[in-house]
There are 2 protein chains.
Amino acid sequence: MLILGLDPSLSCTGWGVIRAEGSRISHIANGQVPTDAKAPMAQRLAALQAALAGVIADYRPDRAAAEEVFLNKNPQSTLKLAQARGCVLAACGAAGLAVNEHAARLVKKAVVGTGGAEKAQVQAMLKVLLPGAQITGADAADALAVAIADAHLSYTPTSR
Amino acid sequence: MLILGLDPSLSCTGWGVIRAEGSRISHIANGQVPTDAKAPMAQRLAALQAALAGVIADYRPDRAAAEEVFLNKNPQSTLKLAQARGCVLAACGAAGLAVNEHAARLVKKAVVGTGGAEKAQVQAMLKVLLPGAQITGADAADALAVAIADAHLSYTPTSR
């Protein structure tokens, strides 16, 4: 089972693919898609979406996961984020992928064990959980974290 | 010059294509793209985007136009609208179309002559400006209005 974690944003979307077998997880790939801040919005969004469609075509994940959106108090920020997020979700939808959404607290809890974990704690745990993974940056790290959370939240141990 | 007007929303996106030759405009086509409220978000967005890509492929407009987004006080509404809008903009961007954005007041002023016009006044003027056009519904009417505004706002008469 390959899970694609996503951290959508207009300026730089993070993505990460992990393999989940029962309770075991391993790293497959991760990356970030920056967009050209000087390009018109329609072209930035199209470029972001094309890059994500390429990732999906390359790794053929079985499902995707993203954090529930953080509704910024600044409506303009919410607008930019949500326009980018819509393109990322549509790229998944066009490829037939379901996208599970998880609250940020649940992602931290699944990765670190506490919903109030700091970013640095999450990133330190990623090194433990995905040994040897070269993580592209903070956005890719967030994407891997949501993929791990999705694997954990979907894994129910078989009783014996 | 063919102009594609757009009124993006998650539940039902309106579109309208007009031909603009100098100050003359004529109706080419219009329609609405409803999405299935029971489908997952990623699939709704992908379906909306595929439908818009089909409209662009069918009519090959030279440019597109949309109203500047109305930032709803309800952040959840803004999120839904903006996710759909991002997909609509990306469909234009992927086809190489520029998307002009116009304030709602300017659209009304361009169509009716006053920025404070009611929806009914806009729709009545559409019948005058685009005689014979069968308008699919209120969302398609809004899309045609923004296309007309884009034609007017971009038209500078040649001095003699």
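Write down the accessible area per residue of the protein assembly as shown in Å², having rolled a 1.4 Å probe over the full set of protein chains.
48 Å²
Show me the trypsin sites (Lys or Arg not before Pro) within region B:1-88 that DSSP assigns to loop and that have at most 16 other Cβ atoms within 10 Å of their Cβ.
B:38, B:73
Could you state, as a whole-number percent, how many of the C-alpha pairs of chain A are farther apart than 24 Å?
30 percent
Quick one: work out the % antiparallel among DSSP beta bridges in region B:1-120, nearest 5.
Percentage antiparallel, nearest 5: 65.
Jot down the radius of gyration and Dmax of the protein assembly as shown, Cα atoms only, both in angstrom.
That works out to 22.1, 90 Å for Rg and Dmax.
Could you tell me what percent of the accessible area of the protein assembly as shown is made up of carbon and sulfur, with a 1.4 Å probe and every protein chain present?
Details: 7970 of 15360 Å².
Here carbon and sulfur together make up 52 percent of the probe-accessible area.
At most 16 other C-beta atoms within 10 Å and a DSSP loop state: those are the exposed GluC sites (Glu not before Pro) I care about. Give me the longest piece of chain B that has none. Walk me through the numbers on the way to the answer.
Values: sites that count: B:68, B:118.
Within chain B, the longest run free of exposed GluC sites (Glu not before Pro) spans B:1-67.
Mind listing, in residue-number order, the residues in region B:90-130 that have at least 30 Å² less accessible area with every protein chain present than in their own chain alone (1.4 Å probe)?
Residues passing the criterion (a loss of at least 30 Å², heavy atoms only) are B:90, B:93.
If I build a Gaussian network model for chain B, linking alpha-carbon pairs within less than 10 angstrom, which residue out of B:64, B:104, B:140 has the largest mean-square fluctuation?
Top of the fluctuation ranking is B:104.
If you put +1 on each Lys and Arg Cβ and -1 on each Asp and Glu Cβ, how big is the dipole of chain A around its Cα centre, in Debye rounded to 20?
Computed charge dipole of chain A: roughly 180 debye.
Using a Förster distance of 22 Å, how high is the FRET efficiency between residue B:134 and residue B:21, based on the Cβ-Cβ distance and rounded to 0.05? Can you show the working numbers first?
Values: r = 22 Å, r/R0 = 0.99.
Once rounded, the FRET efficiency stands at 0.50.
Cut-off 10 angstrom, C-alpha nodes, Gaussian network model of chain B. Which of B:130, B:71, B:45 fluctuates the most?
B:71
With a 10 Å cut-off between alpha carbons and a GNM built on chain A, which of A:117, A:143, A:51 moves the most?
Of A:117, A:143, A:51, the Gaussian network model singles out A:117 as fluctuating most.
With a 1.4 Å probe on protein heavy atoms only, work out how much accessible surface A and B bury together, total over both chains, in Å² to the nearest 100.
1700 Å²
Checking a compactness column here: for region B:1-89, what do you get for Rg(Cα) / (2.2 N^0.38 Å), N being the number of residues?
On the way: Rg = 13.9 Å, N = 89, 2.2 N^0.38 = 12.1 Å.
It is 1.15.
The values are calculated or read from the model by the stated rules, or taken from the named source; none is laboratory data. Keep in mind that this is a model prediction, so the values were computed, not measured. Glycine gets a Cβ as well: all are built from the backbone with ideal geometry, and neighbour counts include every protein chain shown. Surface accessibility is based on the protein's heavy atoms, side chains included, excluding ligands, DNA and RNA. Shrake-Rupley method; radii C 1.70, N 1.55, O 1.52, S 1.80 Å.
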